[in-house]
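S.K.: Sharing a structure here in structure tokens format.
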């Protein structure tokens, strides 16, 4: 039975309320769409995941959009996408308002001193997880190391990614993931008029911001740029945000940005919800709304535009080699971010032990929903 638009929105809104763990939510989306409601078959969902992993943006929320697209076209994709992401925005905005008003209190200073250590452990774990996937190929390792060195010496991460894409097509071996090599996806209805309409609305809104408010336009432009280059999921956005927000535009210092990442880890949804935090600190509630919409819209448009053609793309050796090159570059970029953040922490024995404990828990697959609150409690009493 085909669900209504309202049913899709409610189903994914409920799921979004407990969407902790980023890509781990794919299992829950699969259970909702292939087992509980039987909206898709398992091979169709698997190919949808392959699509979402091959384009920039947060994988889990893109998978929600893909399910909606397959079930109810573009309007279904929009309902599922918004339903899944809305709880994260609400929670993050609430926490950011509290942070802006009370972050100077001694207790909260101690809390975020500890959470910054947890953030370093989380990024280290992400670097390790990404790195383990490329460790078997020395060419990928060279791309990762050259990316880290390039970023260290001031090369824009966006140029690093473009360079890695070129290197991947030229030198890496063909790699097709098991998901991508599966059975072909059923044909997706491609409504050209709706897609063009959404693109027009998006660019008109950007143009409106350009003429009405420079700060909001720059905020939106930064988030669009981040989303368009964040291949590999939400964590891939961190080096890009760091470069644009902290280094390039100096909207906040790295410690404040780390606080935003920490808040993003205790809210449901993808880590790119940190955009809400950034937007609020730059331009209040309006900035939070603009930044959030801007950081999620490009990847949504990519899902609904590319889905009908993905069977051809996934069989292109150049496409898959370019994606492998980009993924390898993010290992290097995340390594840089991990070192950069670690250098900003005044390490003592308590912070070292807290960092080691958090890293060990993450490596043992302990749910981050337990690690962050536990770290927060320890921070309040010992830092």
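S.K.: How do the pairs read when you match residues in the range 29-44 that are in contact (Cβ under 8 Å) with a residue 60 or more places away in the chain and at negative phi with residues anywhere that are outside any helix (DSSP H, G or I) and surrounded by fewer than 19 Cβ atoms within 10 Å (Cβ to Cβ), using Cβ under 8 Å and keeping only pairs 6 or more apart or on different chains?
M.R.: 43/182; 43/183; 44/186
S.K.: Being more than 30 Å from residue 146 (Cα to Cα) and under 17 Å from the mean Cα position of the chain (by Cα): is that true of residue 238 here?
M.R.: Against the criterion (more than 30 Å from residue 146 (Cα to Cα) and under 17 Å from the mean Cα position of the chain (by Cα)), residue 238 does not qualify.
S.K.: Now for a separate question. Please list, ordered by residue number, the helices (runs of 4 or more DSSP H) wholly in the range 158-247 having 1 or more residues that are in contact with a strand residue (DSSP E or B) (Cβ under 8 Å, 6 or more places away or on another chain), at negative phi and at pLDDT 85 or above.
M.R.: none
S.K.: Take the residues of the range 321-355 that are assigned to a helix (DSSP H, G or I) and without any contact (Cβ under 8 Å) to a residue 60 or more places away in the chain: which is nearest to the chain's Cα centre (by Cα)? Outline the logic, then answer.
M.R.: The first filter runs over the range 321-355 and keeps only residues assigned to a helix (DSSP H, G or I), leaving 321-343, 349-355.
The next check asks that each one be without any contact (Cβ under 8 Å) to a residue 60 or more places away in the chain; those that pass are 339, 343, 349-350, 352-353.
Details: 339: 20, 343: 24, 349: 32, 350: 30, 352: 27, 353: 28 Å.
Per the criteria, the residue is 339.
The values are calculated or read from the model by the stated rules, or taken from the named source; none is laboratory data. Only a predicted model underlies this, so the values are computations on that prediction, with no experimental measurement involved. Because the Cβ atoms are built from the backbone with ideal geometry, glycine has one as well, and the counts that use them run over all protein chains shown.
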